[in-house]
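Contents: one structure, followed by commentary.
The values are calculated or read from the model by the stated rules, or taken from the named source; none is laboratory data. Remember, it's a predicted structure, so these values are computed and weren't measured experimentally. Every residue, glycine as well, gets a Cβ built from its backbone with ideal geometry; the counts of neighbours run over all protein chains shown.
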Amino acid sequence: MNAVDTSLEAPAIADWRNYPVSAGLATLRPSAERLDAVWSDGRVSPFHHQWLRDNCPCSRCVYSVTREQLLEIVDVAEDLHPQRTRIDDQGHLLIDWQDGHHSRYHPGWLRAHAYDDASRAERHAQRPQSRLWNAKLNEQLPLFDYQAVMEDERALLDWLLAVRDIGLTQVRGVPTAPGSLQAIAQRISFIRESNFGVLFNVQSKADADSNAYTAFNLPLHSDLPTRELQPGLQFLHCLVNDAVGGESIFVDGFSIAEALRQEAPEDFRTLCEMPVEFRNKDRHSDYRCLAPIIALDAYGAVSEIRIANFLRGPFDVAAQQMPLLYRAYRHFQALTRDPRFRVIRRLDAGQLWCFDNRRTLHARNAFDPASGARHFQGCYVDRDELLSRIHVLQR
C-alpha cells in the first residue's frame with residue numbers, strides 16, 4: 001500500500017457513534033460507476049462514486065461542530081469519478097477525486113453503512129424488535145425501582161429498553177407528592193404539553209372535559225388519536241387510590257394487529273388502508289385527525305395503533321366499503337376484549353405506569369368515587385425522545 005500525503009487531506013470527522021472494525025478492507029476493484037470493496041472476510045460491497053462523494057466526512061463536507069453535512073451532491077459533477085484509490089496503513093479507504101477533492105473513510109463506518117445484500121440484511125436483523133405480549137405479562141410485568149432509575153444510568157437504560165421493546169412497564173417507590181412525576185419523565189427528555197396541561201390530573205370531576213375525568217368505565221384506547229402525532233409515551237402516576245374499582249387494563253395493540261393479520265388478512269388490510277376520523281372537542285378546542293387505525297412502517301411492520309371509540313366520528317367511506325370497515329372494526333374491538341390478550345392490574349400509591357401510547361391500549365374499570373379518594377397524575381413524552389435517549393445512553 002502506498003503512503004498518502006496527509007497534507008492534501010482534511011481530517012475525517014466521525015459522527016457521535018463508534019464503529020468497530022469487524023472486518024478490514026482487503027482489496028479494491030474499481031469500475032466505471034462504482035468501487036467494489038473486498039473485505040477480509042470475503043464479503044464484497046459495491047460503493048457507487050456518487051454515494052462515496054456524498055458521504056465524504058472531511059471538514060469541507062461536514063461541519064466539525066454539529067457534525068452535519070455541508071455538501072449538496074448537486075454541487076459536484078454527476079459523472080465524478082476517482083482519479084486514484086488506495087487503502088492506507090491504518091486500513092482507511094482513500095480517494096483522490098478528479099476535481100482535486102480528497103476523501104478518507106473509516107473501514108468500520110464503511111462496513112456499517114455498506115449496502116450490499118448481506119450488509120443490509122445484517123442491519124435489518126439488528127434492528128430493535130417489538131416483543132409481542134398477551135395476558136401472560138400479568139406474571140412477567142417489567143418492574144423497575146424509582147431510585148435506581150433516577151440515580152443509575154444502567155438502570156435507566158434497562159427501563160427505557162423495556163418501554164421500547166415491550167411497551168408496558170411499572171415503576172415502584174415513586175414519591176406521592178403532586179408533581180413528582182415530572183422528575184422521572186424528564187430523565188428521558190422534556191414533557192410534551194397538550195390542551196390538558198404539562199401534567200394532567202386524572203380525577204373524577206363534575207365539569208369533566210374528557211371521559212377520563214369521570215368515574216365511568218373507560219374502554220381500551222390510545223390517548224389523543226385526534227392529533228396528527230399521537231403522544232409516544234404515557235405516564236400515569238398514582239398519588240392515592242382508596243376507591244373501589246378502577247383497575248387498569250392493557251392490551252398490546254401490536255399483538256392484536258398481528259392476530260388480525262393472521263386470522264383475517266382482509267380485515268387487517270382494511271384497517272391499514274381505510275381512514276377513520278377521531279374528534280376531541282370542548283368549549284375551547286376542537287381537534288380532529290383522519291388516519292387509519294393501523295399504521296405500518298417502511299418495513300411493513302405495525303408501528304402505530306390509533307383508536308378510541310369514545311372519540312370516533314361517523315365512518316366516512318364509499319358505500320361499497322362501509323360493510324368491510326365495520327366488519328374489520330368489530331373484529332379488532334372483539335380481539336381487544338379477548339381475555340387471552342388482557343393484562344389487568346390495580347395501581348397503588350407510589351407506583352406509575354409508563355407505556356407506549358401508540359402501541360399499548362389502556363382502559364380503566366369504573367370506580368366508586370364515594371368509596372375513597374383516587375388521584376392519578378399523567379404526562380406525555382414523545383417516542384422520538386425515548387429513542388434518542390436510548391441511543392445516547394448506548395453510546
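Take I166 and tell me if it is assigned by TED's automatic domain parsing to the domain that holds N18 and among the β-branched types (V, I, T).
Values: assigned by TED's automatic domain parsing to the domain that holds N18: no; among the β-branched types (V, I, T): yes.
Against the criterion (assigned by TED's automatic domain parsing to the domain that holds N18 and among the β-branched types (V, I, T)), I166 does not qualify.
Taking A298 and the conditions (1) modelled with pLDDT under 95; (2) over 24 Å from the mean Cα position of the chain (by Cα); (3) not charged (D, E, K, R), which numbered condition does it fall short on, given that it satisfies the others? Failed condition: (2). Scanning for something touching a Ser or Thr at 6+ places or on another chain (Cβ under 9 Å), assigned to a strand (DSSP E or B) and buried (at least 20 other Cβ atoms within 10 Å of the Cβ), does segment 303-313 turn up at least one residue? Yes, segment 303-313 contains at least one residue that is touching a Ser or Thr at 6+ places or on another chain (Cβ under 9 Å), assigned to a strand (DSSP E or B) and buried (at least 20 other Cβ atoms within 10 Å of the Cβ). Only one entry in R84, R123, R111 is free of Cβ contacts under 8 Å to residues at least 24 places away in the same chain and part of a helix (DSSP H, G or I), namely R123.
Just to be sure, is A349 of a type in the set (G, A, S), in contact (Cβ under 8 Å) with a residue 24 or more places away in the chain and either crowded, with 19+ Cβ neighbours inside 10 Å or outside the structural domain of A257 (by TED's automatic domain parsing) (or both)? Spell out how you get there, then give the answer.
Details: of a type in the set (G, A, S): yes; in contact (Cβ under 8 Å) with a residue 24 or more places away in the chain: yes; either crowded, with 19+ Cβ neighbours inside 10 Å or outside the structural domain of A257 (by TED's automatic domain parsing) (or both): no.
No.
Only residues that are under 13 Å from F278 (Cα atoms), under 26 Å from the mean Cα position of the chain (by Cα) and of a type in the set (A, V, I, L, M, F, W, C) were counted across segment 311-341, and they come to 1. The requirement of being surrounded by 13 or more Cβ atoms within 10 Å (Cβ to Cβ), touching a Pro at 6+ places or on another chain (Cβ under 8 Å), under 28 Å from H124 (Cβ atoms) and not aliphatic (A, V, I, L, M) is fulfilled nowhere in segment 262-270; no residue meets it. Checking L161 against (1) within 30 Å of D348 (Cα to Cα); (2) touching a Lys or Arg at 6+ places or on another chain (Cβ under 8 Å), only one condition comes out false. Which one? For L161, the exception is condition (2). Sub-8 Å Cβ pairs linking a first residue in segment 168-190 that is of a type outside the set (K, R) to a second residue that is exposed (fewer than 14 other Cβ atoms within 10 Å of the Cβ) and in a strand (DSSP E or B), at least 6 apart or interchain, are T169/L143; Q170/L143; V171/L143, ordered by first then second residue. Restricting to segment 311-328, count the residues that are within 13 Å of L271 (Cβ to Cβ) and either in contact with an Asp or Glu (Cβ under 7 Å, 6 or more places away or on another chain) or not assigned by TED's automatic domain parsing to the domain that holds A291 (or both). Qualifying residue count for the region: 2.
Checked against (1) buried (at least 18 other Cβ atoms within 10 Å of the Cβ); (2) of a type in the set (D, E, K, R); (3) closer than 30 Å to L387 by Cα, R123 passes all but condition (1). Residues in segment 357-369 that are modelled with pLDDT under 95 and in a strand (DSSP E or B): R364, F367, D368.
Screening C354 with (1) out of contact with any Asp or Glu (no Cβ under 8 Å at 6 or more places or on another chain); (2) part of a helix (DSSP H, G or I); (3) surrounded by 13 or more Cβ atoms within 10 Å (Cβ to Cβ) gives one miss only, at (2). For segment 180-231, the candidate set comprises residues that are over 24 Å from E277 (Cβ atoms), assigned to a loop (DSSP other than H, G, I, E, B) and aliphatic (A, V, I, L, M); within that set, the residue that is modelled with the lowest pLDDT is A206. Of all residues in segment 56-89, those satisfying the criterion of being modelled with pLDDT of 95 or more, surrounded by 10 or more Cβ atoms within 10 Å (Cβ to Cβ) and among the charged types (D, E, K, R) are R84, R86, D88. The number of residues in segment 156-179 being touching a strand residue (DSSP E or B) at 6+ places or on another chain (Cβ under 7 Å) and either assigned to a loop (DSSP other than H, G, I, E, B) or of a type in the set (A, V, I, L, M) (or both) comes to 9. Screening segment 359-395 for residues that are over 15 Å from the mean Cα position of the chain (by Cα) and aromatic (F, W, Y) and picking the one that is surrounded by the most Cβ atoms within 10 Å (Cβ to Cβ) gives F376. For first residues located in segment 134-148 and more than 28 Å from A183 (Cα to Cα), partners that are surrounded by fewer than 13 Cβ atoms within 10 Å (Cβ to Cβ) and of a type in the set (D, E, K, R) and lie 6+ apart or on another chain with Cβ distances below 8 Å form the pairs N134/R340; A135/R340.
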